[in-house]
Amino acid sequence: LVAAYRRHYPHVDLQISHMNPAEQLRAFDEGRLDLGFSRPLPAARRAFFHEEILYRDYLSVALPPDHRLAGEKKIRLEALANESFIFLLRSESPTLFDLAIETCRRAGFSPKIVYQPDMIMTVFALIECNLGVSLLPRFSRGLAGQKTIRRPLAEPSNPICLCAIWPKSVHRPTLDAFLEIMRSQKPSLQKEIDRLVP
C-alpha cells in the first residue's frame, strides 16, 4: 500500500511509525496521526473512528525446529497443554494476546506463559532457542533464515482482523487518496495472506 501510494503521490511526505495500540490511540488524540493499522478498536472508541477491515487471519502454532509435533500437518492445541508458551506482551497487541488465551481455554487448558517479549522477532528467536511454543497470526514472520516451524490449528481460531483506522474528524485529500488505493488493493491483500501462510 505504501509503495503504491508513493508511486501515485511522490510529492506527499509520508511519515511511518511503529506504535502499539495504546500509543496509536494517544497519537490520534493528539492529532499526530491520520491513519493507523491495528486490530479492531475497543468498543468505547469506535464512535469516534472509521474502521475498515483490510484482511482476516487466524492463529497458527509456532514450534521449535525439532519439536515432537513438527511433522504434523495440523496441530490439535490440546496436545500442547503441558508446553511452555511464549506470547507477545499483551500491551503490544491486546487482541492477539486475549485471543491466544481464549483459544487455549477452549481447548481445555490455561497456557503456562514463560516469556512475554515486546517484539514479535524476539518471540520467534525464543521459540527457535527451544524455550517454548507460541500461537501467532499465520502471516507473522521472524527474521529471514529462522527455522521456526509453523502449523495451522486443527480447530481454527476466531479470525484476527487487521483494520485501517482513522478519526471521523479528519478530512484530508491525502488521506482520501490513500484510502482509495487501499480499497482497490484489499482483495489482493487477502489473497496474498492466504497464499503465503501454511
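The values are calculated or read from the model by the stated rules, or taken from the named source; none is laboratory data. Note that the structure is a prediction, hence the values are computed from the model and not measured. Cβ coordinates were reconstructed from backbone atoms using ideal geometry, including for glycine residues, and neighbour counts include every protein chain displayed. Surface areas here come from the heavy atoms of the whole protein model, side chains and all, with no ligands, DNA or RNA. Shrake-Rupley method; radii C 1.70, N 1.55, O 1.52, S 1.80 Å.
For the range 154-198, residues that are surrounded by 14 or more Cβ atoms within 10 Å (Cβ to Cβ) and within 30 Å of Leu69 (Cβ to Cβ) total 8. The residue that is nearest to Leu88 (Cα to Cα), among those in the range 116-174 that are assigned to a loop (DSSP other than H, G, I, E, B) and among the charged types (D, E, K, R), is Asp118. Restricting attention to the range 35-50, the residues being charged (D, E, K, R) and not in a helix (DSSP H, G or I) number 1. Select from the range 64-93 the residues that are open to solvent by 40 Å² or more (accessible area, probe 1.4 Å), in a helix (DSSP H, G or I) and not basic (Lys, Arg) and list them in ascending order. Within the range 64-93, Glu78, Ala79, Ser91, Glu92 qualify. Residues that are at pLDDT 90 or above, assigned to a helix (DSSP H, G or I) and of a type outside the set (Lys, Arg) within the range 3-34 comprise Ala3, Ala4, Tyr5, His8, Glu23, Gln24, Leu25, Ala27, Phe28, Asp29, listed in sequence order. Residues that are β-branched (Val, Ile, Thr), open to solvent by 30 Å² or more (accessible area, probe 1.4 Å) and part of a loop (DSSP other than H, G, I, E, B): does the range 52-60 have at least one? No: the range 52-60 contains no residue that is β-branched (Val, Ile, Thr), open to solvent by 30 Å² or more (accessible area, probe 1.4 Å) and part of a loop (DSSP other than H, G, I, E, B). When Pro187 is tested against (1) touching a strand residue (DSSP E or B) at 6+ places or on another chain (Cβ under 9 Å); (2) over 13 Å from Tyr58 (Cα atoms); (3) at pLDDT below 95; (4) assigned to a helix (DSSP H, G or I), just one condition goes unmet, and that condition is (1). Put simply, of Arg6, Arg46 the only residue that is free of Cβ contacts under 8 Å to residues at least 60 places away in the same chain, open to solvent by 50 Å² or more (accessible area, probe 1.4 Å) and within 17 Å of Leu162 (Cβ to Cβ) is Arg46.
If the condition is being at pLDDT 95 or above, under 17 Å from Leu153 (Cβ atoms) and of a type in the set (Ser, Thr, Tyr), then the range 60-93 contributes no residue at all. Restricting Gly108, Gly132 to residues that are at positive phi and surrounded by 20 or more Cβ atoms within 10 Å (Cβ to Cβ) narrows the list to Gly132.
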